[in-house]
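The values are calculated or read from the model by the stated rules, or taken from the named source; none is laboratory data. What you see is a predicted model, and the numbers here were worked out from it, not measured in a lab. Here Cβ is always computed from backbone atoms with ideal geometry, including for glycine, and neighbour counts include all displayed protein chains.
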Amino acid sequence: MEVFTGDAPGPDDLGDVAFFTVPYDRPFGTEPIPRLTGVRVVQALTAGYDHLAGLLPGDVTLCTARGLHDGSTAEHALALILAAQRELPRWTRAQDEGRWEHTHTRSLADSRVLIVGYGSIGAALDARLRACEAATVRVARRPRPGGQVLGVADLDGLLPSADIVVLITPLSIETRGLLDARRLALLPDGALVVNVGRGPVLDADAILAETMSGRLRAALDVTDPEPLPPGHPLWHSPGVIITPHVAGGAAAFYPRAEDFIAAQVRRFATGEPLRNVVREPGN
């Protein structure tokens with residue numbers, strides 16, 4: 001049996017592959033797709049699928065890994081928030097220099113946090129934030145019955161009272177540039193913008209201008225462009241923390257992914273409904 005890991009280009013003859021799992025976070029992960037002439041299902045190991053939508057023929061079912069990254073991404077988002085609020089990079093630099101520098105910082109407790117893109121990852125983050133005594137406001141593409149989740153149309157009215165905004169939205173025509181210069185200007189001075197969704201959801205030039213001025217802060221696991229090139233001014237903008245798109249890939253993800261793929265293949269082989277289908281054949 002030959003296994004394609006995505007670390008190098010795949011074999012030429014792939015015509016008999018019916019179920020293809022895109023290797024996670026590998027340079028050649030999507031490279032074989034044009035040669036999968038007989039494929040019926042493509043399984044992503046990411047929650048988003050914007051990088052796959054244009055590669056698949058119309059007769060292929062596309063499934064995502066929605067739910068597998070919830071814990072790891074929520075953990076990382078919380079870590080970014082705490083690092084920014086408690087100024088952990090500052091203390092790390094002081095430790096490197098052997099310098100005792102005593103001062104008080106912001107807190108997460110009693111902060112008002114907007115979770116923009118409230119899905120399964122947002123729910124996992126919500127639970128963690130509430131455990132830290134933060135007040136959360138849930139925002140999704142559309143409001144949901146009961147008023148517990150507000151819609152993006154409410155965003156302009158919510159931003160002026162937000163201490164922290166967390167972006168967890170997938171990338172689409174509607175979400176590209178969702179937090180642009182106009183909306184960033186609605187945030188109060190000192191607010192923190194966190195992005196663990198997709199880089200282009202946040203206007204790169206606008207957040208750079210706001211952080212360079214010192215008015216806003218940012219904690220970013222995703223950027224635009226990505227990877228962020230050496231010498232880009234965002235690397236050294238005041239009050240900015242950057243991690244290299246690692247939120248979803250913590251140790252807990254991999255065993256969960258293996259179990260999920262095995263279950264999906266069993267469903268495919270026995271004709272049972274697949275989980276996390278985002279595109280049916282013909283759509």
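Values computed for the structure shown
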| item | result |
| --- | --- |
| Failed criterion for His51 (all others in (1) out of contact with any helix residue (DSSP H, G or I) (no Cβ under 6 Å at 6 or more places or on another chain); (2) touching a residue at least 24 places away in the same chain (Cβ under 8 Å); (3) closer than 21 Å to Glu174 by Cβ hold) | (2) |
| Qualifying residues in segment 252-273 (those that are surrounded by fewer than 17 Cβ atoms within 10 Å (Cβ to Cβ) and in contact with a helix residue (DSSP H, G or I) (Cβ under 8 Å, 6 or more places away or on another chain)) - the one modelled with the lowest pLDDT | Ala252 |
| Tally, over segment 94-110, of residues that are assigned to a loop (DSSP other than H, G, I, E, B) and within 26 Å of Ala191 (Cα to Cα) | 10 |
| Residue within segment 48-69 that is closer than 24 Å to Glu272 by Cβ, within 26 Å of the chain's Cα centre (by Cα) and of a type in the set (D, E, K, R) present | yes |
| Residue within segment 168-185 that is surrounded by fewer than 19 Cβ atoms within 10 Å (Cβ to Cβ), over 30 Å from Gly54 (Cβ atoms), assigned by TED's automatic domain parsing to the domain that holds Pro238 and not hydrophobic (A, V, I, L, M, F, W, C) present | no |
| Selection count, segment 39-86, where residues are assigned to a loop (DSSP other than H, G, I, E, B) and either closer than 23 Å to Gly199 by Cα or among the aliphatic types (A, V, I, L, M) (or both) | 21 |
| Which numbered condition Val278 fails, given (1) under 18 Å from Val22 (Cβ atoms); (2) at pLDDT 95 or above; (3) among the aliphatic types (A, V, I, L, M); (4) part of a strand (DSSP E or B) | (2) |
| Answer from Ala269, Ala263, Ala209 - the residue that is in the same structural domain as Val41 (by TED's automatic domain parsing), in a helix (DSSP H, G or I) and touching a residue at least 12 places away in the same chain (Cβ under 8 Å) | Ala263 |
